[in-house]
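S.K.: Have a look at the structure that comes next, please.
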Amino acid sequence: GELQAGEGVAGLRMAFVVAGARSVLQSLWEVPADQSLEQAEAFYDKWLKQNKTRYGAFRAAQLEALQKARTTTGSGHPWLWAG
């Protein structure tokens, strides 16, 4: 049958879970490459080097990105950091 809006993305997530992924992170927004790389590096640094939990490291990296967006643009709009 015909896919409804968002079903393809939900199916992709489910495929990762069925394949054994313990965590899945996805965005429905266009993701800016430079900011995404910075956030990924911050996440892995906090997780693997600072021994935070995956969720704690992710949250800390997100909060860092939010603060940087507020400092550089004067706005905390999710479009600037949450992708």
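S.K.: Could you list all residues from the range 62-75 that are without any contact (Cβ under 8 Å) to a residue 12 or more places away in the chain and either assigned to a helix (DSSP H, G or I) or crowded, with 16+ Cβ neighbours inside 10 Å (or both)?
M.R.: Filtering the range 62-75 for residues without any contact (Cβ under 8 Å) to a residue 12 or more places away in the chain gives 63, 67, 70-75.
Result: Leu63, Gln67, Arg70, Thr71, Thr72, Thr73.
S.K.: Just give me the residues in the range 4-57 being part of a helix (DSSP H, G or I), among the basic types (Lys, Arg), modelled with pLDDT of 90 or more and over 13 Å from the mean Cα position of the chain (by Cα), in sequence order.
M.R.: Here is the first cut: in the range 4-57, the residues part of a helix (DSSP H, G or I) are 7-18, 33-49, 54-57.
Adding the requirement that they be among the basic types (Lys, Arg) leaves 13, 46, 49, 54.
This time we only want the ones that are modelled with pLDDT of 90 or more, so: 46, 49, 54.
Within the range 4-57, Lys46, Lys49 meet the criteria.
S.K.: Would you check if there is a residue in the range 21-28 being surrounded by fewer than 10 Cβ atoms within 10 Å (Cβ to Cβ) and not aliphatic (A, V, I, L, M)?
M.R.: Yes, because at least one residue in the range 21-28 is surrounded by fewer than 10 Cβ atoms within 10 Å (Cβ to Cβ) and not aliphatic (A, V, I, L, M).
S.K.: Still on this model: Output the residues belonging to the range 36-61 that are more than 13 Å from Leu25 (Cβ to Cβ) and either touching a Lys or Arg at 6+ places or on another chain (Cβ under 7 Å) or loosely packed, with under 14 Cβ neighbours inside 10 Å (or both). Lay out the reasoning, then the answer.
M.R.: So the first thing to find is which residues in the range 36-61 are more than 13 Å from Leu25 (Cβ to Cβ), and the list is 37-38, 41-42, 45-46, 48-53, 56, 60.
Within the range 36-61, Leu37, Glu41, Lys46, Leu48, Lys49, Gln50, Asn51, Lys52, Thr53, Gly56, Ala60 meet the criteria.
The values are calculated or read from the model by the stated rules, or taken from the named source; none is laboratory data. Quick caveat, the model's predicted, so the values are computed rather than measured. Neighbour counts are summed over all protein chains in view; Cβ atoms, including those assigned to glycine, are modelled from backbone coordinates with ideal geometry.
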